[in-house]
Amino acid sequence: MIIAESCGAILRHARDGDLPDVDRVTIICYEPIQESYVAMVGEDCYEAVRADPELTWQERKTGQVRRLYSEHPERLWVLEEGGLIGFVTFELRPAANLGVIANNGVVPEHRGRGLGRFMYRHVLQHFREQGLRFAF
């Protein structure tokens with residue numbers, strides 16, 4: 001289901017067949033964040049405190065996205081333009097009146113075009129339509 005279009009890019013609900021591409025985009029987008037985090041805390045500290053030490057960071061991060069999709073497939077939206085170029089996940093916490101934007105990214109060669117803002121704008125609109133007052 002298409003959610004919105006902007007400048008040739010389509011934001012839509014993810015499908016099962018998108019998951020390998022979502023994994024690829026997740027790793028591309030989160031690699032610099034991961035490297036920065038390890039550099040900030042140091043390799044020894046990172047190894048001592050990281051969650052799920054039996055998993056690589058790539059397995060852990062893509063696993064987060066896949067778990068959310070398996071539980072709530074409607075909460076993974078993908079951005080495509082001749083292929084998958086971005087994605088956004090979110091949580092709805094109605095008891096707290098809160099929507100949370102979670103894992104998301106746009107591949108480097110498509111950054112700077114406002115596509116992240118485009119995805120966020122539509123997720124925030126979805127939060128409003130769900131009657132939520134707060135967003136994080």
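The values are calculated or read from the model by the stated rules, or taken from the named source; none is laboratory data. Computed from a predicted model, the values in this text were never measured in an experiment. When we count neighbours, we look across all protein chains shown, and the Cβ atoms used for this are built from the backbone with ideal geometry, even at glycine. In case anyone asks, the SASA skips ligands and DNA or RNA and just uses the protein heavy atoms, side chains included. Shrake-Rupley method; radii C 1.70, N 1.55, O 1.52, S 1.80 Å.
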Query - Flag for I85 being β-branched (V, I, T), outside any helix (DSSP H, G or I) and more than 12 Å from the chain's Cα centre (by Cα) - result: no
Query - Identity of the residue in segment 103-123, part of a loop (DSSP other than H, G, I, E, B) and on the phi < 0 side of the Ramachandran plot, that ends up least open to solvent (accessible area, probe 1.4 Å) - result: V107
Query raised in the report: If you check R75 against the conditions, is it free of Cβ contacts under 8 Å to residues at least 40 places away in the same chain and touching a strand residue (DSSP E or B) at 6+ places or on another chain (Cβ under 8 Å)?
Result: yes
Query raised in the report: With respect to the numbered conditions (1) open to solvent by 30 Å² or more (accessible area, probe 1.4 Å); (2) modelled with pLDDT under 95, which one is the sole condition not fulfilled by H126?
Result: (2)
Query raised in the report: Do the conditions hold for Y46, that is, is it outside any loop (DSSP other than H, G, I, E, B), surrounded by 14 or more Cβ atoms within 10 Å (Cβ to Cβ) and among the aromatic types (F, W, Y)?
Result: yes
